Amino acid sequence: MLVAKVGGRFHSLRTDIHLTGLRRVENLNERGIRVVRGDITTLDVDAVVNAANTTLLGGGGVDGAIHYAAGPELLEECRRLGGCPTGEARVTRGHALKARWVIHTVGPIWKGGNRGEAKLLAACYESSLKLAAEHQLKSIAFPAISTGAYAYPLKEATEIAIASVTNFTRQADVFDEILFCCYTGEDFAMYKKLLRAVKA
């Protein structure tokens, strides 16, 4: 898959997905799985995944950024959902985002690793992908779920993210593009390293 920069935007020549506001783009997997560095709220994809809390009513980090960029209509729609348990996912419209949909998933809070955190984090990715497939979406972007305020160790969280997405795509070839969108250079480097290991 080739990526070209035209008019200040990155274009995937196979899927024509616009990746605006990105500092780095790495094509690292033959299944259309890529890691990008930038602001997830700027991506022109079918769906972005929001690392939400159980209320779905907004918070800090990625959650706050997505709510801010999407506008107050997103909060109003989220109010009608009645929350979301950890490991599950819910879907709303993207409203003012370039993404048409937002898939909200609630990651686990890291409590040492012996309270089912790994299973719950894997469920976040699986639930989000299943929901996207049910809505016949072809492109989706994930943040690094639970690695911010929820304090999940970055390496372990990245391994779970990559394994969950890779396993899903091996069983169901329904997506043209799956992006891991990293805001920090540390996250980007970790995803790039581990994705290359999977490809090798």
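The values are calculated or read from the model by the stated rules, or taken from the named source; none is laboratory data. What you see is a predicted model, and the numbers here were worked out from it, not measured in a lab. Quick reminder, even Gly has a Cβ in these numbers, built from the backbone with ideal geometry, and neighbours come from all protein chains shown.
The residue pairs whose first member lies in region 57-86 and is over 14 Å from Ile40 (Cβ atoms), whose second member is surrounded by 14 or more Cβ atoms within 10 Å (Cβ to Cβ) and among the basic types (Lys, Arg), and whose beta carbons are closer than 6 Å, counting only pairs six or more residues apart or on different chains, are Leu81/Arg90; Cys84/Arg90. Of the residues Lys119, Lys138, Lys130, the single one that is of a type in the set (D, E, K, R) and buried (at least 17 other Cβ atoms within 10 Å of the Cβ) is Lys138.
The set of residues from region 98-116 being of a type in the set (S, T, N, Q) and surrounded by fewer than 23 Cβ atoms within 10 Å (Cβ to Cβ) comprises just one member, Asn114. One residue stands out among those in region 93-115 that are of a type in the set (Val, Ile, Thr) and out of contact with any Cys (no Cβ under 6 Å at 6 or more places or on another chain): the one that is farthest from Val62 (Cα to Cα), which is Ile109.
Filtered by the rule that a residue be assigned to a helix (DSSP H, G or I), within 21 Å of Arg196 (Cα to Cα) and of a type outside the set (S, T, N, Q), region 131-175 gives Leu154, Lys155, Glu156, Ala157, Glu159, Ile160, Ala161, Ile162, Ala163, Val165, Phe168, Arg170. From Ala65, Ala69, Ala51, which residue is hydrophobic (A, V, I, L, M, F, W, C), at pLDDT 95 or above and buried (at least 21 other Cβ atoms within 10 Å of the Cβ)? Answer to the selection: Ala51. Contact map, region 114-125: residues that are farther than 15 Å from Ala151 by Cα paired with residues that are hydrophobic (A, V, I, L, M, F, W, C) and part of a helix (DSSP H, G or I), Cβ distance under 8 Å, separation 6+ or inter-chain. Pairs shown: Ala122/Ile160; Ala122/Ala163; Tyr125/Ile160; Tyr125/Ala161; Tyr125/Val165; Tyr125/Phe168. Looking across region 90-130, the residues that are of a type outside the set (Lys, Arg) and assigned to a strand (DSSP E or B) come down to Val91, Thr92, Trp101, Val102, Ile103, His104, Thr105, Val106. Please work out if Tyr125 is surrounded by fewer than 21 Cβ atoms within 10 Å (Cβ to Cβ) and within 25 Å of Leu56 (Cβ to Cβ). No: the conditions fail for Tyr125.
The residues in region 72-84 that are in a loop (DSSP other than H, G, I, E, B) and either over 19 Å from Pro143 (Cβ atoms) or in contact with a helix residue (DSSP H, G or I) (Cβ under 8 Å, 6 or more places away or on another chain) (or both) can be counted, and the count is 4.
Quick check on Thr20: is it over 16 Å from the mean Cα position of the chain (by Cα) and either more than 17 Å from Ile140 (Cβ to Cβ) or modelled with pLDDT under 60 (or both)? Against the criterion (over 16 Å from the mean Cα position of the chain (by Cα) and either more than 17 Å from Ile140 (Cβ to Cβ) or modelled with pLDDT under 60 (or both)), Thr20 does not qualify.
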